Amino acid sequence: MWIWLGLAALALIGELATGTFYLLLVALGLAAGGIAAWFSAGLEWELVACGVVLLLGLLVLRKTRVLKKREVNSARNADVNLDIGQTVMVEAWNENGAARVWYRGAHWQAELAKGHAPQAGEHIITELRGSILVLAPKGRPGSA
């Protein structure tokens, strides 16, 4: 019994060090094996208890989508891309909603964000699509 609970404690320490839910499930399974050992179950039943609790925990986490990856759209996230929120000056827009702007010491292709009228002046970078800056007029509704 103490071996099971000792291993469960080690798994909990590992869980605290890594921050994943998987080691927490392993710790719960090992604790279930320890409880089965406390009730004087045979080794095979201790292993079954450990495995069942671990698999049930995994199913619960999958059904609740706790383990689902949270994708970050780096094209629009200022925490990932430091260009988001920066100001550029647009001299003039083409008839197709594109422009060339001077930013960080070079000319960049720029597109107007959807829902905005093309006008010259200061614009805010709202998104990067490859090497194209997506801009919204500064100080207008819908801009940063």
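The values are calculated or read from the model by the stated rules, or taken from the named source; none is laboratory data. Keep in mind it's a predicted model, so treat the numbers as computed, not measured. Reconstructed Cβ throughout: ideal geometry from the backbone, glycine too, with neighbour counts over all protein chains shown.
If you scan region 102-127, which residues turn out to be free of Cβ contacts under 8 Å to residues at least 24 places away in the same chain and surrounded by fewer than 12 Cβ atoms within 10 Å (Cβ to Cβ)? Give the steps one after another, and end with the answer.
Filtering region 102-127 down to residues free of Cβ contacts under 8 Å to residues at least 24 places away in the same chain leaves 102, 104-107, 114, 117.
The answer is R104, G105, A106, H107, K114, A117.
The set of residues in region 128-138 that are buried (at least 16 other Cβ atoms within 10 Å of the Cβ) and of a type in the set (A, V, I, L, M) comprises L128, L133, V134, L135, A136.
Would it be correct to say that A27 is surrounded by 18 or more Cβ atoms within 10 Å (Cβ to Cβ), more than 25 Å from the chain's Cα centre (by Cα) and over 30 Å from E111 (Cα atoms)? Full working, then the answer.
Numbers: surrounded by 18 or more Cβ atoms within 10 Å (Cβ to Cβ): yes; more than 25 Å from the chain's Cα centre (by Cα): yes; over 30 Å from E111 (Cα atoms): yes.
It is true that A27 is surrounded by 18 or more Cβ atoms within 10 Å (Cβ to Cβ), more than 25 Å from the chain's Cα centre (by Cα) and over 30 Å from E111 (Cα atoms).
Restricting attention to region 89-119, which residues are among the charged types (D, E, K, R) and more than 32 Å from the chain's Cα centre (by Cα)? Selection gives E91, E95, R100. Selection within region 48-74: residues that are surrounded by fewer than 15 Cβ atoms within 10 Å (Cβ to Cβ) and of a type in the set (A, V, I, L, M). The member of this set that is modelled with the lowest pLDDT is L67. Residue pairs whose Cβ atoms lie under 7 Å apart, separated by 6 or more positions or on different chains, with the first residue in region 6-33 and under 13 Å from L47 (Cα atoms) and the second charged (D, E, K, R) and modelled with pLDDT of 90 or more, are G33/E46.
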